[in-house]
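The values are calculated or read from the model by the stated rules, or taken from the named source; none is laboratory data. Note that this is a predicted model, so its numbers are computed, not measured. For neighbour counting, all protein chains shown are included, and Cβ atoms are generated from backbone atoms with ideal geometry for every residue, glycine included.
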Amino acid sequence: MPKQILKAHKIRLYPTDEQQIFFAKSFGCARFIWNKMLGDKIDHYKTTKTTLNNTPAQYKKEFEWLKEVDSLALANVQQNLRAAYSKFFKQGAGFPKFKKKGIKDSYTTNNQKGSVAVTKNTVKLPKIGHIKVKIHQSVNGLIKSATISRTPSGKYYVSLLIETIVNELPKTHSNIGIDLGLTDFIVLSDGSKVANPKFLSKLQAKLAREQKILAKRRAAAKADQRKLSESRNYQKQRIKVAKVYEQITNSRKDFLHKLSFNLIKNHDVIAIEDLNIKGMVKNRKLAKAISDSSWSAFT
């Protein structure tokens with residue numbers, strides 16, 4: 001039976017130098033608004049013991065350069081901050097944190113009357129127009145929003161949230177239980193096992209080597225009294241380290257996606273043991289192995 005779902009579709013972007021400048025401004029403005037609104041909320045509560053209902057619009061009067069980016073990007077920051085506060089008060093999540101430059105640079109915009117669209121070799125975004133892409137899979141459905149991001153190694157992506165219709169998988173009349181492990185990634189109740197790929201362990205030597213070189217580049221820049229942002233050798237090596245991390249992350253995501261899809265396709269009911277993963281990670285002897293296994297991402 002067909003059903004309506006929201007599906008994410010991630011596409012690599014190839015922006016021009018001018019478009020990269022616009023993205024950098026947008027990431028910076030989104031981060032600024034988050035930090036400014038969060039800081040003002042904290043200060044207001046300390047003084048009055050009441051909640052401050054601030055909005056991005058009020059800051060545009062003082063900081064006019066905020067008008068240079070997509071207004072919906074700033075509006076989404078407000079919604080995300082509101083959601084973070086809600087999770088803190090209602091779900092026991094951690095208190096919202098200030099954002100640092102270069103860590104998860106991104107912003108989200110919404111599709112309004114075709115302002116976000118996909119063609120054969122471009123993606124159209126508000127206030128910037130068409131950006132070159134390489135489409136490997138067709139994008140079918142109604143685009144609701146687009147999140148643009150930049151990885152630490154300098155790659156750009158857009159994640160489209162799409163409302164689409166899919167057919168439900170046929171019933172298999174099969175139930176399965178799953179135990180998580182470190183030697184084996186999972187052990188199924190039918191006796192079968194899936195080996196732990198240990199992506200971090202496989203690339204640990206390469207990562208350590210690149211990080212050692214990065215430390216030398218940092219020390220050299222410090223000795224020359226240069227900012228790290230101005231040291232070409234440091235920045236080149238930083239990207240090399242980032243690429244190793246991305247290789248580990250992408251390998252994990254691909255493994256988990258294929259494994260979870262296979263389990264869902266072949267079983268109607270899946271039961272998995274309930275582990276206190278956050279508590280277990282506090283054990284220094286287990287932390288690295290558990291993090292490498294990515295139990296949290298799987299469950």
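Do you know which of the residues in region 190-225 that are in contact (Cβ under 8 Å) with a residue 60 or more places away in the chain and in a loop (DSSP other than H, G, I, E, B) is nearest to residue 251 (Cα to Cα)?
Across region 190-225, the extreme among qualifying residues is 198.
Is there a residue being touching a residue at least 40 places away in the same chain (Cβ under 8 Å), in the same structural domain as residue 14 (by TED's automatic domain parsing) and in contact with a Pro (Cβ under 8 Å, 6 or more places away or on another chain) anywhere in region 177-186?
No, there is no match, as no residue in region 177-186 is touching a residue at least 40 places away in the same chain (Cβ under 8 Å), in the same structural domain as residue 14 (by TED's automatic domain parsing) and in contact with a Pro (Cβ under 8 Å, 6 or more places away or on another chain).
Would you pick out the residues in region 152-182 that are touching a Lys or Arg at 6+ places or on another chain (Cβ under 9 Å) and of a type in the set (Ser, Thr, Tyr)?
153, 156, 157, 159, 164, 172
Test each condition in (1) out of contact with any helix residue (DSSP H, G or I) (no Cβ under 7 Å at 6 or more places or on another chain); (2) within 20 Å of residue 297 (Cα to Cα); (3) β-branched (Val, Ile, Thr) for residue 239 and report the one that comes out false.
(2)
Are there any pairs, at least 6 apart or on different chains, whose C-beta atoms fall under 8 Å, with the first in region 126-138 and touching a residue at least 24 places away in the same chain (Cβ under 8 Å) and over 30 Å from residue 67 (Cβ atoms) and the second in a strand (DSSP E or B) and not hydrophobic (A, V, I, L, M, F, W, C), and if so, which?
Taking only residues 6 or more apart or on different chains, the pairs are 134/12; 134/14; 137/9.
Can you tell me which of (1) modelled with pLDDT of 90 or more; (2) in contact with a strand residue (DSSP E or B) (Cβ under 9 Å, 6 or more places away or on another chain); (3) not hydrophobic (A, V, I, L, M, F, W, C) is the one residue 257 doesn't meet?
(2)
Those residues that are out of contact with any Leu (no Cβ under 9 Å at 6 or more places or on another chain) and at pLDDT 90 or above, I need them from region 174-190; list them, please.
174, 175, 189, 190
Within region 156-189, can you find the residues that are closer than 25 Å to residue 5 by Cα and either among the charged types (D, E, K, R) or outside any strand (DSSP E or B) (or both)?
Scanning region 156-189 gives 163, 168, 169, 170, 171, 172, 173, 174.
Pairs under 6 Å by beta carbon, first residue hydroxyl-bearing (Ser, Thr, Tyr) in region 89-108, partner surrounded by fewer than 13 Cβ atoms within 10 Å (Cβ to Cβ) and in a loop (DSSP other than H, G, I, E, B), six or more apart or different chains?
none
Of everything in region 60-103, what is of a type outside the set (D, E, K, R), under 18 Å from residue 127 (Cβ atoms) and touching a Leu at 6+ places or on another chain (Cβ under 8 Å)? Give them in sequence order.
66, 74
If you take the residues in region 134-173 that are closer than 18 Å to residue 110 by Cα and at pLDDT below 90, which one is surrounded by the fewest Cβ atoms within 10 Å (Cβ to Cβ)?
Among residues in region 134-173 that are closer than 18 Å to residue 110 by Cα and at pLDDT below 90, the one surrounded by the fewest Cβ atoms within 10 Å (Cβ to Cβ) is 140.
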